[in-house]
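Asks: Here it is, the structure, as structure tokens.
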Amino acid sequence: MSLKLKFYNFFKILFPSSYSELAVFIFFILFYGTLGWYIALDYRIIFDSRIPWDSYFSFDNRSIVMTGGSFERHPLSYYFFNWIRELALFISDGKTNAVFRLALAWFSNLAISLSILQVFKYLKNIIKLPNSISSLLILFFGFFSTNILLSFTPENFTYTLFLLTLYNHYSAIKIKKEQKTPALALTLGGITIGGLTITNIVKVFIPILFEKNLFRSWKNLGNAAVRVLLACICFILLYLNRINFKYQYIFDQTNRQYEKFSNVKSIPTWDMIASFFLGGNILFPNFIVRDKHNMKGFHYKALIMDVYSSWIPYVFISILLIFICWSYFKNFKNKLVQVLMISFLIDIIIHCVMKFGLHTSYIYGAHFVFVYPLLLGWLFYSYRTAPKTLSFLAVTISILLLYMTLNNYFRMTEFFHFMNQYY
């Protein structure tokens, strides 16, 4: 295949290639863009030079924009955010003003809108769902709290969601065509996805497990091992170069971070899993205003999420979880479903079993929220010849979508009230 054709195929995957895909992309970029435009121009919460972290929902906006975040969790994001920051400063004529905030918001908007597009392409082109079902699921996904927040938030998670959805779509195409993931794609995936959040690098290698005849031939197994090894070597060398090959720093900082983010006992574990890990990424829970300071004498107000106070959100999350499990067991022999669930299982182990950042796991939603609409898509697909079951699923998702839209709209009005008071 010629280089020109490879570029063409890549851009065809990346951008809209049909009228329905273009409609989805335009709808969300305008929807999220309007929200980000208003917040960026009228409020300083997206980027305030005095506030490095936690102004809303534990996002580290200023810290991430200026430094890319901590090297032990986000090893190569420093380089990525250098480009983002410099481009935003170029647009704002070197000032961290409203134009600078608007540029950051629109970069985020573009990344999230393209993420939504990747999920829609998967539903339409990989699962082969009709546009009506794909549109319902993409609306459902588009109004998740994670997508709403990240659409104007300059964070690692914003771009992680885009890269994960893009790579997942790309690898699904390869598996469906019974083709191997090229070494170059694997290496780029490892460097970009793992570079923004190190734990996600494992997800880059999951699709290789489902390549055709992988375990039936030593040649195929060896070929896969070489591709994985090459990707790991490139990533490790770049990572070590980032910290001047002082590898002991990685272990020291990782231990400190684990202790810091894994010892919260004020909330029962089951409720943190339900309200933060499973729920907070989709359905906004209650909000709490807290006092914070930047360790240099400046005090400010921060907004964080609390657990659900009503039984209805717990029912909402339970229904959604039942549907996800239903889809998994119904499509257990489907390689693409296994890729999605293994990817999700990695986050379950990190946050729910190891309890890393469980009390703030709603901010990690970008690592796995795209799994929900895709598994729901496979559930619809498995009942494509059962009209009554399809109608039941469509009606249930529509009711969940209505409740989620009303809930998230109401919570966003609280968010604007918070900004009006303090930002």
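Asks: Would you check which residues across segment 41-60 are crowded, with 18+ Cβ neighbours inside 10 Å and out of contact with any helix residue (DSSP H, G or I) (no Cβ under 8 Å at 6 or more places or on another chain) and list them?
Replies: Those that are crowded, with 18+ Cβ neighbours inside 10 Å and out of contact with any helix residue (DSSP H, G or I) (no Cβ under 8 Å at 6 or more places or on another chain): Asp54, Asp60.
Asks: Could you list, in sequence order, all residues of segment 115-127 that are in contact with a helix residue (DSSP H, G or I) (Cβ under 7 Å, 6 or more places away or on another chain) and either over 18 Å from Leu163 (Cβ atoms) or among the aliphatic types (A, V, I, L, M) (or both)?
Replies: Ile116, Leu117, Val119, Leu123, Lys124, Ile126, Ile127
Asks: Return the only residue of Ser70, Ser55, Ser63 being touching a strand residue (DSSP E or B) at 6+ places or on another chain (Cβ under 6 Å), polar (S, T, N, Q), over 16 Å from Leu161 (Cα atoms) and at pLDDT below 95.
Replies: Ser55
Asks: A follow-up question, please. Among the residues that make up segment 120-141, is at least one of them within 12 Å of the chain's Cα centre (by Cα) and either under 27 Å from Tyr362 (Cα atoms) or of a type in the set (Ser, Thr, Tyr) (or both)?
Replies: Yes, there is a match, as at least one residue in segment 120-141 is within 12 Å of the chain's Cα centre (by Cα) and either under 27 Å from Tyr362 (Cα atoms) or of a type in the set (Ser, Thr, Tyr) (or both).
Asks: Hey, can you tell me all the residues within segment 95-106 that are assigned to a helix (DSSP H, G or I), surrounded by fewer than 20 Cβ atoms within 10 Å (Cβ to Cβ) and in contact (Cβ under 8 Å) with a residue 12 or more places away in the chain?
Replies: Correct list: Ala98 only.
Asks: Within the bounds of segment 61-72, is there any residue that is aromatic (Phe, Trp, Tyr) and surrounded by 22 or more Cβ atoms within 10 Å (Cβ to Cβ)?
Replies: Scanning segment 61-72, I find no residue that is aromatic (Phe, Trp, Tyr) and surrounded by 22 or more Cβ atoms within 10 Å (Cβ to Cβ), so the answer is no.
Asks: Among the residues of segment 323-342, are any buried (at least 22 other Cβ atoms within 10 Å of the Cβ), among the polar types (S, T, N, Q) and assigned to a helix (DSSP H, G or I)?
Replies: The answer is yes, given that some residue of segment 323-342 is buried (at least 22 other Cβ atoms within 10 Å of the Cβ), among the polar types (S, T, N, Q) and assigned to a helix (DSSP H, G or I).
The values are calculated or read from the model by the stated rules, or taken from the named source; none is laboratory data. None of the values given here were measured: they were computed from a predicted structure. Neighbour counts run over all protein chains shown; Cβ positions are idealised from the backbone, glycine included.
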